[in-house]
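Here, each number is a calculation from the coordinates, and none is a lab measurement. Keep in mind the model is a prediction, meaning the values are calculated, not measured. Heads up, the Cβs are rebuilt from the backbone with ideal geometry, glycines too, and the neighbour counts pull from every protein chain shown.
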Amino acid sequence: MSRKYIGIDIGSTASKVCILEEGKEPVFEVLPTGWNSKITAGIIKQDLEKRYDDLDDAKVVATGYGRISVEYADHVITEISCHGIGGYNMIGRDCTIIDIGGQDTKYINVVGGKPIDFLMNDKCAAGTGKFIEVMANRLGLTIEELFELAEIGEPISISSLCTVFAESEVINYMGEGRSREDLAAGVIDSVALKVATLVQRKELQDTVIITGGFSNNEFFASLLSKKLGKTALAMPDGRYAGAYGAALLAKQKDK
Amino acid sequence: MADNQKMWAELGMNLEMHDMLCAVLPGAIGDVFMSQENRPAAMDYFDMVLADVHGLRPAELVEFRKNGGKVFGTFCAYVPDEVIVAAGAIATGLCAGSQFWVPGGERYLPANTCPLIKAMLGARFDKTCPFYRLADVYIGENTCDGKKKAYEILGTDVPLHVMDLPQMKRPKDYLKWADEIKDLKELVEKVTGNKVTEEKLAEAIKLINAKRAALERLYALRRNKNVPISGTDTLLISQIAYYDDPARFTAMVNKLCDELDQRVADGVSVAEGKKRILISGTPMAIPNWKLHNLVETSGGVVVCEETCTGTRYFENQVDESGATLDEMIQNIADRYMGINCACFTPNTARADDVIRLAKESKADGVIDVNLMFCQTYDIEGRSLEERCKAEGIPFLGIETDYTDNDAQQLKTRIGAFIELLG
Ligand code: SF4
Ligand code: SF4
């Protein structure tokens, strides 16, 4: 039996696992991170041991926000490198990756198969998954519902740069009796705008892909494309890009 | 330590609050310094100075003042110690690098002010720093707007003289700075009652040149392939340079360099397999070791600092050939005007410095670190990035403050930057 390579991406909201094995399709798993990433890492380990009985010589790379909590990892690599490698291998060519994570948004430029430049939002949570989550809660919607409503709404402009202020802006609009559709559209629109603003100083290649929690959302991809002035591709397995990259790097490091 | 308590009380310090500061320092020193491996033995001296940072040197200043000596507090690399020393006085840096002082400063300043400036006011008004109590006169300087305005507030509480630093580097600006240094000379003469003679000034120039030469020697040693000393340790030395006795400091740095010479000869490295990083940007006042600690625990080693706690402090010497006071003062002015701070326009020479230093120190990448709300350095970061990119030098820009809120995120960004260098 061939050696397994496991990538574990402990994000702030969700934890993703990728298992690579010679001659087989990559296997992806996801579970919520919860409040303690050490416990999450433990659950992942138990889970893996239950399903595979030949993990003794498996190689593990941990990445993501809680990467240091994976005590059994052979290597710890930042999510920038992992998303870069994962995204590149998913699309199969050089690309610019926009990763919208739970806590931060990243820009990664992959040239010659290698991540060569990156940017992370450092100011606040606006333009990240956290922002969408906070706003969905405020509007009494699940995140899926928020995206669905956004598609039929007319975006109301939400101008605050800070999540907390943006939330009170939304509350004001709710008080004015604006429709949830329009507010939902406004929320998604503002995220796309913030992401586009973040990357405006950076080079975008012809292929731009979206990874992270909302990466399979076509509506968001088309909205972001408009703001970027360039086609950004939705990726069905985009949320696993970090874990996939981690597993690939586990394999690479083994050689 | 009991003596310290007595001294602090006599200095009118807020002891209760100061105890809180003293309580966190040993832990921070342990985490940042003692956890490093294979440190040079001659770091002992600097460790000792740090461990008793509010005791040892302040006690010397207290003694000095008992005998009628005067202490001048300074805030900027442009203010020449030479003139102060020549009048038989002591110059001490007052830059403040701890979050501990920031809330105190925010009582006087808008929250969106650079943490260095906020900490300055906090340290003064909270009465939790002996150096701020011991300086008889503060010497400010017109550099950034934040400091300019903060000096107005500080000046309500302590005698303060502001030097009008030019913001351009035309020939007439060099003359103007010499003029300002003459005013400083007159001020220190008046405060101390001592005359700055040609002989005394020539001596002071030699003394401070020797200090700069020692630091230059230390920094040159870091250029070796086998890095003999960590950036974190070197940063501490650069910080101590601002307030230690110059002659003793010089001797201690040279002693350390002797040991490092031996390390180089023996091929000893503290950074096997690590990526070489040049840090550029705003000053890192004691006890701000945040970035160095992050870089050096993420697979990097800092091999040079293009900052005011780095090369801007010691590069270039004062020409020692001046015979008259006027000549000497002009030579001093010329040396200090050679510093390239973002408060000046244009300031393209700073980017030249960064490129040159990156090459000299064989840096794998440049991390430009600016204090939050420091507009001039922040704006300049962009052109610096373009210059570095044009030279093929990887560049990472970081804006941060004294808190640890962003430590996790910075670890990712710095870690990724270093991974990408591999
Ligand atoms: S950064 Fe500029 S203003 Fe600040 S200490 Fe250095 S030279 Fe002075
Ligand atoms: S870091 Fe910038 S804002 Fe702060 S004191 Fe120095 S020049 Fe002024």
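Observations on the structure shown:
Matching residues to (1) within 8 Å of another protein chain (Cβ to nearest Cβ); (2) touching a residue at least 60 places away in the same chain (Cβ under 8 Å); (3) touching a strand residue (DSSP E or B) at 6+ places or on another chain (Cβ under 9 Å); (4) within 16 Å of B:Val354 (Cα to Cα):
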position	(1), (2), (3), (4)
B:Ser383	no, no, no, yes
B:Cys388	no, no, yes, yes
B:Gly392	no, no, no, yes
B:Tyr402	no, yes, yes, no
B:Asp406	yes, no, yes, no
B:Gln409	yes, no, yes, no
B:Gly415	yes, yes, yes, no
B:Glu419	yes, yes, yes, no
B:Gly422	no, yes, yes, no
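- Out of A:Gly112, A:Gly127, A:Gly101, A:Gly140, one residue alone is more than 12 Å from chain B (Cβ to nearest Cβ), small (Gly, Ala, Ser) and closer than 20 Å to A:Ala232 by Cβ. It is A:Gly127.
- Scoring A:Lys226 on the criteria (1) outside any loop (DSSP other than H, G, I, E, B); (2) buried (at least 17 other Cβ atoms within 10 Å of the Cβ); (3) not β-branched (Val, Ile, Thr) leaves a single failure, condition (2).
- Selected residue [more than 14 Å from every other protein chain (Cβ to nearest Cβ) and either within 16 Å of ligand 2 (Cβ to nearest atom) or touching a strand residue (DSSP E or B) at 6+ places or on another chain (Cβ under 6 Å) (or both)] from B:Asn331, B:Asn340: B:Asn340
- Taking region B:277-351 and the helices (runs of 4 or more DSSP H) fully enclosed by it, the elements with 2 or more residues that are among the charged types (D, E, K, R) are at B:290-296, B:325-337.
- Unique residue being surrounded by fewer than 21 Cβ atoms within 10 Å (Cβ to Cβ), within 16 Å of ligand 1 (Cβ to nearest atom), at negative phi and not in a helix (DSSP H, G or I) when the list is B:Val162, B:Val158: B:Val162
- Screening A:Gly23 on (1) of a type outside the set (Asp, Glu); (2) within 14 Å of chain B (Cβ to nearest Cβ); (3) assigned to a loop (DSSP other than H, G, I, E, B) shows it passes everything except condition (2).
- Members of region B:110-125 found to be part of a loop (DSSP other than H, G, I, E, B), within 16 Å of ligand 1 (Cβ to nearest atom) and out of contact with any Ser or Thr (no Cβ under 9 Å at 6 or more places or on another chain), listed by number: B:Thr113
- Scanning region B:271-292 for residues that are on the phi > 0 side of the Ramachandran plot and surrounded by fewer than 24 Cβ atoms within 10 Å (Cβ to Cβ) returns a single hit, B:Gly273.
- Some residue of region B:86-102 being away from ligand 2 (no atom under 15 Å from the Cβ), at positive phi and surrounded by fewer than 21 Cβ atoms within 10 Å (Cβ to Cβ): yes
- Residues that are within 12 Å of ligand 1 (Cβ to nearest atom), touching a residue at least 40 places away in the same chain (Cβ under 8 Å) and either small (Gly, Ala, Ser) or buried (at least 24 other Cβ atoms within 10 Å of the Cβ) (or both), drawn from region B:309-341: B:Thr309, B:Gly310, B:Thr311
- Only listed residue being surrounded by fewer than 17 Cβ atoms within 10 Å (Cβ to Cβ) and hydrophobic (A, V, I, L, M, F, W, C), chosen from B:Leu175, B:Leu134: B:Leu175
- Test: residue in region B:43-50 that is within 19 Å of the chain's Cα centre (by Cα) and either within 16 Å of ligand 1 (Cβ to nearest atom) or surrounded by fewer than 18 Cβ atoms within 10 Å (Cβ to Cβ) (or both): yes
- Counting only residues that are more than 18 Å from the chain's Cα centre (by Cα) and either outside any helix (DSSP H, G or I) or within 16 Å of ligand 2 (Cβ to nearest atom) (or both), region B:126-141 holds 5 of them.
- The set of residues from region A:65-90 being within 9 Å of chain B (Cβ to nearest Cβ) and in contact with a helix residue (DSSP H, G or I) (Cβ under 7 Å, 6 or more places away or on another chain) comprises A:Val76, A:Ile77, A:Thr78, A:Glu79, A:Ile80, A:Ser81, A:Gly84.
- Subset of region B:342-358 (residues that are under 19 Å from the mean Cα position of the chain (by Cα) and within 11 Å of ligand 1 (Cβ to nearest atom)): B:Ala342, B:Cys343, B:Phe344, B:Arg350
- Candidate set: region B:216-245, residues that are touching a strand residue (DSSP E or B) at 6+ places or on another chain (Cβ under 6 Å) and of a type in the set (Ser, Thr, Tyr); chosen: the one farthest from B:Lys362 (Cα to Cα): B:Tyr243
- A:Val60, sole failed condition from (1) more than 14 Å from chain B (Cβ to nearest Cβ); (2) surrounded by fewer than 23 Cβ atoms within 10 Å (Cβ to Cβ): (2)
- Boolean, B:Ile398 is part of a helix (DSSP H, G or I) and within 14 Å of chain A (Cβ to nearest Cβ): no
- Each residue in region B:362-385 was checked for being buried (at least 18 other Cβ atoms within 10 Å of the Cβ), away from ligand 1 (no atom under 16 Å from the Cβ) and more than 20 Å from B:Leu294 (Cα to Cα), and 1 of them qualify.
- Members of region B:242-290 that are within 14 Å of chain A (Cβ to nearest Cβ) and either within 16 Å of ligand 1 (Cβ to nearest atom) or under 30 Å from B:Val62 (Cβ atoms) (or both): none
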